[in-house]
1. So which pairs qualify, if the first residue must be in segment A:130-155 and closer than 21 Å to A:THR236 by Cα, the second must be outside any loop (DSSP other than H, G, I, E, B) and of a type in the set (Ser, Thr, Tyr), the Cβ gap must be under 7 Å, and the two must be at least 6 apart or on different chains?
2. Just one of B:PRO17, B:PRO89 is within 30 Å of A:GLY6 (Cα to Cα), of a type outside the set (D, E, K, R) and part of a helix (DSSP H, G or I); which is it?
3. Which numbered condition trips up A:ASN60, out of (1) modelled with pLDDT of 95 or more; (2) within 7 Å of another protein chain (Cβ to nearest Cβ); (3) over 20 Å from the mean Cα position of the chain (by Cα)?
4. Does A:VAL270 meet the test of being touching a residue at least 40 places away in the same chain (Cβ under 8 Å) and either touching a Ser or Thr at 6+ places or on another chain (Cβ under 9 Å) or among the acidic types (Asp, Glu) (or both)?
5. Of everything in segment A:60-89, what is surrounded by fewer than 17 Cβ atoms within 10 Å (Cβ to Cβ) and of a type in the set (Phe, Trp, Tyr)? Give them in sequence order.
6. Taking segment B:50-64 as the region of interest, how many residues are farther than 16 Å from B:VAL29 by Cβ and either in contact with a strand residue (DSSP E or B) (Cβ under 7 Å, 6 or more places away or on another chain) or small (Gly, Ala, Ser) (or both)?
7. Just a yes or no: is a residue in segment B:249-257 aromatic (Phe, Trp, Tyr), more than 8 Å from chain A (Cβ to nearest Cβ) and crowded, with 23+ Cβ neighbours inside 10 Å?
8. Give segment A:198-227 a look and list any residue that's more than 16 Å from A:ARG95 (Cα to Cα) and polar (S, T, N, Q), or say none.
Amino acid sequence: MDATNGLRRAFPFLLPAIALYATFTLIPMGRTLWLSFTDSGGFNTSATFVGGANYAAIWNDPIFWQALRQTVLWLVYHLLLAGGLGFALALLIARLKTTQVFFRTAFFLPHVVSLAVVGVIWATIYDPFFGFLNNSLHTLGLGFLARGWLSEPFLVLFSVNVASSWQGFGLYMLLFLAGLQNIDPTLYDAAEVDGASPFQKLVHVTLPGLREVITFVVSLALINGLKGFATVWVMTQGGPYYQSELVTTYIYRLAFQAQQHGQAAVLCVVLSLMAIAITIVFNRWRERAP
Amino acid sequence: MNAARHEGALAAALSLPLLVILGPFLWLVLSSLKSEAEISGANPFTLPARLMWQNYLDAWHVGGFGDLIGNSLVNVAGVIALTLAVCAPAGYALAKIRFGGKEWLFYAIVLGLTVPIQAIIIPLYEVLSGLKLINSLAGLTLAQVSNLIPFGIFLMRSFFRGVPDELVEAAKIDGCGHFQILTRIFLPISTPAIFALVIISALSTWNDFFLPLVILISPDVQTLPLGLVRFAGTYQTDHRLVFSGTVISFLPIIVLYILTQRHFTQGLTQGALKG
């Protein structure tokens, strides 16, 4: 009785959000799942049920496995580069007093720039002929280090990830800084009295104190990495020869260029399951924390 | 004394990494003021002989950056207004009104928080196309708001939950309905949450690339990041134009960030941790 009454009261408050969210997010989620079992070949075409045929096709598609492998590698790069840099800088900046705001603000600057603009910026930096990187290497007499940063197969994914991580680390740095400020300073004093070395303080005071923030940042970095698209699309479009193809760019290619919606939808399901798995694992991890 | 020396040493040590991190910006600003001949010269560390402000005028006109920035501003304003308008009441209902089925709603929202936008893009395109909203800023705005709704609702809900129930009960005794409680009591004391939501939705919208790429086809409706990418692709051999166009694309947001950095940082951190 009270519950239905409450629903009647809550309904007008919820309706605008639910209507928008259902139309543009929830129903498309369900329809994506349906499309993955159909032979849909393009927009506004009929779609008939074909069972697991698309899943079988994707299973046998070497580009899918390459894109999946590269997506996992992309996540690892992002976690190490952006997460690692954010963590290291936060540890150092937290020890500053008068200049802390300056360094925090300055290091954060790349994060306010659009990833697409970041892609354009780094495409010019990596350009083999007029780019900053190769030109400065030549100028400094290190010309032997000059590379085709975006054309060499084993380098391209990493090169693009550097651009993405350059944009991404600032947010992780801020979150780590906020976490560091929440650690009780008397714990450090106590460790000092006990004669702890800086390394021991890091391991026994800082890391346990940051536990919650670390799990949060790791999950955020993984989800952000999974959504990675703009830098790759702007800089390489997944090339050369699929060497920087991610699941997201392959979805775009299949959906909007190849018009193979059934198979694209399978990739969408895979991408969603990866995101859901990451979220569940990290929620469990956080809940289990003491 | 010792502390000041420590601070000085650490600041000096951090200056080199800072220079590396900000290097791309500095190099682009410097190069954007060079002539085409100077850009092609191999040494990137030379200063331009004469500052070529003309590059900026040319890029601005050729790239139509005025229109692109205008479109982005309309887009951002629309997303902020609509996101606040739908998320504040929904967050209030989840925080302060008891009703059945709340748990189901909660899971449905978490799903949206988790699943990447690329994973629903095919049906999303179909819906927008059915509503004749492809190639329109209105369609882009609706899709972006929907994508922000889970985060916005959670942010408002977690803030509203901190408001004591006694306040709601007292207002009810005074004859206020839930709507009045929301607009007269909750919203005025929620500026930190509202500010966090504004900052995060503004930044993500201003910087969005994927949805504009899919939805906005003709150049006259495109937003800044998409327009810049198209511009850089069209004029890729005209480096001075690409450089100055790129600076035009990142400078406004950087200046705005520096001017508002304290609120900006706070809003972003609070929002990320609470949402």
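1. Taking only residues 6 or more apart or on different chains, the pairs are A:PHE130/B:SER40; A:GLY131/A:THR124; A:LEU133/A:TYR126; A:TRP149/A:TYR126; A:TRP149/A:SER159; A:LEU150/A:TYR126; A:LEU150/A:SER159.
2. B:PRO89
3. The single condition A:ASN60 does not satisfy is (2).
4. Working: touching a residue at least 40 places away in the same chain (Cβ under 8 Å): yes; either touching a Ser or Thr at 6+ places or on another chain (Cβ under 9 Å) or among the acidic types (Asp, Glu) (or both): no.
Criteria not met by A:VAL270.
5. Once the filter is applied, which keeps residues that are surrounded by fewer than 17 Cβ atoms within 10 Å (Cβ to Cβ) and of a type in the set (Phe, Trp, Tyr), segment A:60-89 yields only A:TRP65.
6. 2
7. The initial filter retains those residues of segment B:249-257 that are aromatic (Phe, Trp, Tyr), namely B:250, B:257.
Of the ones still in play, those that are also more than 8 Å from chain A (Cβ to nearest Cβ) are none.
No, segment B:249-257 contains no residue that is aromatic (Phe, Trp, Tyr), more than 8 Å from chain A (Cβ to nearest Cβ) and crowded, with 23+ Cβ neighbours inside 10 Å.
8. Of everything in segment A:198-227, those that are more than 16 Å from A:ARG95 (Cα to Cα) and polar (S, T, N, Q) turn out to be A:GLN200, A:THR215, A:SER219, A:ASN224.
The values are calculated or read from the model by the stated rules, or taken from the named source; none is laboratory data. Keep in mind that what you see is a predicted model, and the values were worked out from it rather than measured. Note that we place each Cβ from the backbone using ideal geometry, even for glycine, and neighbour counts take in every protein chain shown.
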